[in-house]
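Below is one structure, written out as structure tokens; the observations come after it.
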Amino acid sequence: MTTGAPTSSSSRLSGRTRRSRLRTALPLGIAAWLVLEIWLLTVVAGASNGFVVFLLLLAGVVAGAAVVKRAGRRAFQNLNEALQRGGSPAQRGGNGFLMLAGLLLMIPGLLSDAVGLLLLLPPVQKAVGRYTERTVDRTLRAAGAGGFGDVLQQARIHRPDGKVVQGEVIQHDEPGDTPQEGRPPLTR
């Protein structure tokens with residue numbers, strides 16, 4: 001029986017496909033994080049009582065909701081100001097990290113609360129932002145030409161005065177290729 005999906009000869013011979021390191025490590029990391037969170041909650045409950053743990057978890061949920069609400073309100077204000085100016089929203093980062101911090105605070109657990117509180121600090125946000133930007137840039141450069149990384153690189157073209165040049169890409173496979181009959185044009 002064939003499925004129509006081509007398989008390589010090495011995967012057919014071994015009977016299994018290779019998994020990436022991320023696909024292997026992510027479930028193990030999540031399981032370890034859950035075990036650590038539960039262990040920390042039992043340690044705190046043993047040192048005090050269950051009501052204190054409940055209050056800590058409730059405080060985390062309330063604080064996380066407040067942080068997410070504040071970050072969302074700030075993002076909406078930035079969008080309104082940009083629309084009134086007639087430009088694009090200002091790239092004042094931090095809203096994404098505030099949202100992530102609020103989400104981590106709302107997740108039940110003391111370790112996630114500690115990481116969420118750390119993400120509320122501006123120096124930590126800047127450091128994580130720089131690390132994330134370097135990692136994404138490195139990944140995009142490693143992606144071969146014509147891949148997904150190439151598309152993202154082309155989308156980030158700026159003019160020398162800092163303004164973004166908007167446009168569209170039309171690619172013809174062969175000289176003289178035209179859109180097929182019955183298809184609407186891309187622009188009107």
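All of the numbers you see were taken from the coordinates with simple rules; none came from a lab. What you are looking at is a predicted structure, and each value in this text was computed from that prediction instead of being measured. In this analysis, Cβ positions are derived from the backbone assuming ideal geometry, glycine residues included, and neighbour counts consider all displayed protein chains.
Fully extending the segment from Leu28 to Leu40, taken as 0.36 nm per residue of separation minus the present Cα-Cα distance, adds 2.5 nm. Convex hull volume per residue, computed on the Cα atoms of the range 29-114, equals 80 Å³.
Label-to-label distance, Arg70 versus Ser48, with points set 7 angstrom from Cα along the beta-carbon direction: 2.2 nm.
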